[in-house]
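Chemist: What follows is a single structure, and I will ask about it in a moment.
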Amino acid sequence: LYGDTTGETDEFGLPVRYPWANDYRGRATVVYGHTPVYEATWINNTICIDTGCVFGGRLTALRWPERELVSVPATEVHYEPVRPPAGTPSSASESDADVRPYDLLDLEDVLGKRIIDTRLNGTVTIREENATAALEVMSRFAVDPRWLVYLPPTMAPPATSTRDGVLEHPAEAFAHYRDDGVRHVVGQEKHMGSRAVVVLCRDADVARSRFGVVSTDGSADAGVVVTRTGRPFFGDPKVQDELLDRLRTAFDATRMWDLLGSAWAVLDTELLPWSAKAEELLRSQYAAVGAAASASLAAEAEILGAVGERVPEATALAARAAERSDLAGAFVDAYRRYCWTVDGVEGLALAPFQILAAEGSVHALRAHPWHLELIGRLVAHDPVTVRATSTVAVDLDDAESVEAATTWWERLTAAGGEGMVVKPRDVVAMGERGRLVQPGVKVRGQEYLRIIYGPEYTTPDQLDRLRERGLGHKRSLALREFTLGIEALERFVAGEPLHRIHECVFGVLALESEPVDPRL
């Protein structure tokens, strides 16, 4: 009736009850009483609605299935309590202080092999070894898990193109969706930056009440920017705060809070420039390769050219060295396009392409035109901080529409763009076999792929080898991670306990440790 006791008594001489709700992991919602509380609060899908009416508190009811609380005050103190109800301000007992916070996560929630149920696509299995790898990242590097209500999925590439000098082309992406019975898609500009998930609250009180996050210095945070692996995006929190302030100002000015009916929002974005997050990668890998290749190949071509004047057989070698030197220069030009100077927040830009969720709704499942309209308002207000994402609508049954979209992609990539992502217009689409189709297929441009596959990847011998790349695992991974991401958002919006949300977010991170070619 009252729950198990610990065998101890508190300062009032009453038995200390074991806080069973903190460890509850069942699917059933439990509504109970007999252990009066000052305020009814959801703890791991359980709630005590005994708010001490007899002690002069309130009489509380729970509306179902709306999960809404309704309270009326007691007319009088019918009986003086021996111990104030749990959570009463300035009168908490020692036993109250010993209760483990309900949002404290347990290793048992994520370790070992796990099978996660999802609404969109059945179950997703997380292997034990992948869970262990994710724990290393989550426990050492990630932000406060209460902020982590979503991690973005990886994205599948199209089938390999057989066109001369091309590894990826829109035709294969369009064919992929056409074969799955999808007739309307959108092509969305793929910004060359770093994936960033933004959780934005209207103010610190919202962050505290909805996410339960209070910074260690006693002041409440009002948002966060995280990488696709859940780490803080910025080493300097002041940069994050200033960027969020600018975005919050745009939300205020465009009445976005009213339009969303929410005091918080989660956005899927690309943060520009690429060098803002990948500076060390650029220096240690790309710049080092570019500098070494440019210097050595230019010298080689010069020497062989001089030798060729006396030894005709060296002429072909000189031409090949010159070609390789030009390809190395193209490699350097390719990554330099995505780098520019950043000073604090100056020079940074967010390119949102989806409003993932807000109070009461998972907007990630809305058709893309809805997102474009709202994001367009933010861009119009502050085009410096909020970067627009170009989009083209494609009717796969219309040859002219397909040709126009292909031309759009060619111009985009020729101007230095990374490429585009082709997505079903309605986000979630079921194929003709009744299976969930890919939520997005990325089609990258020739010069961007030079960064990924190396300066000389466009030579016939290398292209032939790369065309044998296997895509099955990457595509499976993309679908599973997308499913888990949506499930996490749906659980958060529904007010489910943190361990249920974290299970899905942790699952996305665990899947990222599966062995797959990172260039895909």
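Chemist: Just a yes or no: is a residue in region 473-486 outside any helix (DSSP H, G or I) and out of contact with any Cys (no Cβ under 8 Å at 6 or more places or on another chain)?
Modeler: No: region 473-486 contains no residue that is outside any helix (DSSP H, G or I) and out of contact with any Cys (no Cβ under 8 Å at 6 or more places or on another chain).
Chemist: Another one. Only one residue in GLY187, GLY181 is at positive phi, in contact (Cβ under 8 Å) with a residue 40 or more places away in the chain and not charged (D, E, K, R). Which one?
Modeler: Selected residue: GLY181, the only one of GLY187, GLY181 that is at positive phi, in contact (Cβ under 8 Å) with a residue 40 or more places away in the chain and not charged (D, E, K, R).
Chemist: I'm trying to understand the selection: among the residues of region 340-368, which are within 23 Å of the chain's Cα centre (by Cα) and within 27 Å of GLY290 (Cα to Cα)?
Modeler: Within region 340-368, GLY347, LEU348, ALA349 meet the criteria.
Chemist: Any idea which of LEU477, LEU520, LEU489, LEU484 is touching a Pro at 6+ places or on another chain (Cβ under 7 Å) and either acidic (Asp, Glu) or at negative phi (or both)?
Modeler: Just a single option satisfies the conditions, and that option is LEU520.
Quick grid of which residues meet (1) farther than 22 Å from GLU410 by Cβ; (2) of a type in the set (Asp, Glu):
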position	(1), (2)
MET430	yes, no
PRO439	yes, no
LEU449	no, no
GLU456	yes, yes
ASP464	yes, yes
GLU468	yes, yes
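Chemist: Does region 260-294 hold any residues that are modelled with pLDDT of 95 or more and assigned to a helix (DSSP H, G or I), and which are they?
Modeler: Passing the criteria: only LEU260.
Chemist: When both residues are 6+ apart or on different chains and their Cβ atoms are under 6 Å apart, which pairs have a first residue that lies in region 71-93 and is modelled with pLDDT under 80, and a second that is in a loop (DSSP other than H, G, I, E, B) and not hydroxyl-bearing (Ser, Thr, Tyr)?
Modeler: From residues that are modelled with pLDDT under 80, the pairs are GLY87/GLU39; SER91/PRO84; SER93/ASP10.
Chemist: HIS473 is checked against (1) open to solvent by 10 Å² or more (accessible area, probe 1.4 Å); (2) in contact with a helix residue (DSSP H, G or I) (Cβ under 7 Å, 6 or more places away or on another chain) and fails just one. What number does that condition carry?
Modeler: That leaves (2) as the condition not met.
Chemist: Could you list all residues from region 104-128 that are under 21 Å from PHE482 (Cα atoms) and either acidic (Asp, Glu) or not in a loop (DSSP other than H, G, I, E, B) (or both)?
Modeler: ASP109, ARG114, ILE115, ILE116, ASP117, THR118, GLY122, THR123, VAL124, THR125, ILE126, GLU128
Chemist: Considering only region 25-40, state which residues are under 34 Å from the mean Cα position of the chain (by Cα), without any contact (Cβ under 8 Å) to a residue 60 or more places away in the chain and assigned to a loop (DSSP other than H, G, I, E, B).
Modeler: GLY26, ARG27, ALA28, THR29, GLU39, ALA40
Chemist: Being over 30 Å from GLU359 (Cα atoms) and open to solvent by 100 Å² or more (accessible area, probe 1.4 Å) is the filter here, so list the residues in region 48-77 that pass it.
Modeler: Matches in region 48-77: THR75, GLU76.
Chemist: When region 362-383 is examined, which residues are found to be surrounded by fewer than 16 Cβ atoms within 10 Å (Cβ to Cβ) and acidic (Asp, Glu)?
Modeler: GLU373
Chemist: Residues of region 1-34 being modelled with pLDDT of 85 or more, open to solvent by less than 70 Å² (accessible area, probe 1.4 Å) and over 10 Å from THR46 (Cα atoms), which ones?
Modeler: Within region 1-34, just GLY33 meets the criteria.
Chemist: Still on this model: Only one residue in PRO369, PRO439, PRO383, PRO352 is under 25 Å from ALA253 (Cα atoms) and in a loop (DSSP other than H, G, I, E, B). Which one?
Modeler: PRO383
Chemist: Can you tell me how many residues in region 317-340 are open to solvent by 70 Å² or more (accessible area, probe 1.4 Å) and either hydroxyl-bearing (Ser, Thr, Tyr) or part of a helix (DSSP H, G or I) (or both)?
Modeler: 7
Chemist: Would you point out the residue of region 397-423, among those that are assigned to a helix (DSSP H, G or I), touching a residue at least 60 places away in the same chain (Cβ under 8 Å) and more than 16 Å from TYR177 (Cβ to Cβ), that is most open to solvent (accessible area, probe 1.4 Å)?
Modeler: TRP408
Chemist: Another question, then. What pairs can you find where one residue is in region 465-482 and touching a residue at least 60 places away in the same chain (Cβ under 8 Å), the other is of a type in the set (A, V, I, L, M, F, W, C) and part of a helix (DSSP H, G or I), and their Cβ atoms are less than 7 Å apart, with a gap of 6+ or different chains?
Modeler: Taking only residues 6 or more apart or on different chains, the pairs are LEU477/LEU511; ARG480/LEU511; GLU481/VAL508; GLU481/LEU511.
Chemist: Answer with yes or no whether THR458 is more than 26 Å from the chain's Cα centre (by Cα) and outside any helix (DSSP H, G or I).
Modeler: yes
Chemist: For region 152-170, check the following and say yes or no: at least one residue is charged (D, E, K, R), assigned to a loop (DSSP other than H, G, I, E, B) and farther than 27 Å from ASP333 by Cβ.
Modeler: No; the residues of region 152-170 include none that is charged (D, E, K, R), assigned to a loop (DSSP other than H, G, I, E, B) and farther than 27 Å from ASP333 by Cβ.
Chemist: Of the numbered conditions (1) over 24 Å from VAL226 (Cβ atoms); (2) surrounded by 19 or more Cβ atoms within 10 Å (Cβ to Cβ); (3) hydrophobic (A, V, I, L, M, F, W, C), VAL386 satisfies every one except a single condition; which is it?
Modeler: If we test VAL386 against (1) over 24 Å from VAL226 (Cβ atoms); (2) surrounded by 19 or more Cβ atoms within 10 Å (Cβ to Cβ); (3) hydrophobic (A, V, I, L, M, F, W, C), just (1) comes out false.
The values are calculated or read from the model by the stated rules, or taken from the named source; none is laboratory data. Keep in mind it's a predicted model, so treat the numbers as computed, not measured. Every residue, glycine as well, gets a Cβ built from its backbone with ideal geometry; the counts of neighbours run over all protein chains shown. SASA here: full protein model, heavy atoms, side chains in, ligands and nucleic acids out. Shrake-Rupley method; radii C 1.70, N 1.55, O 1.52, S 1.80 Å.
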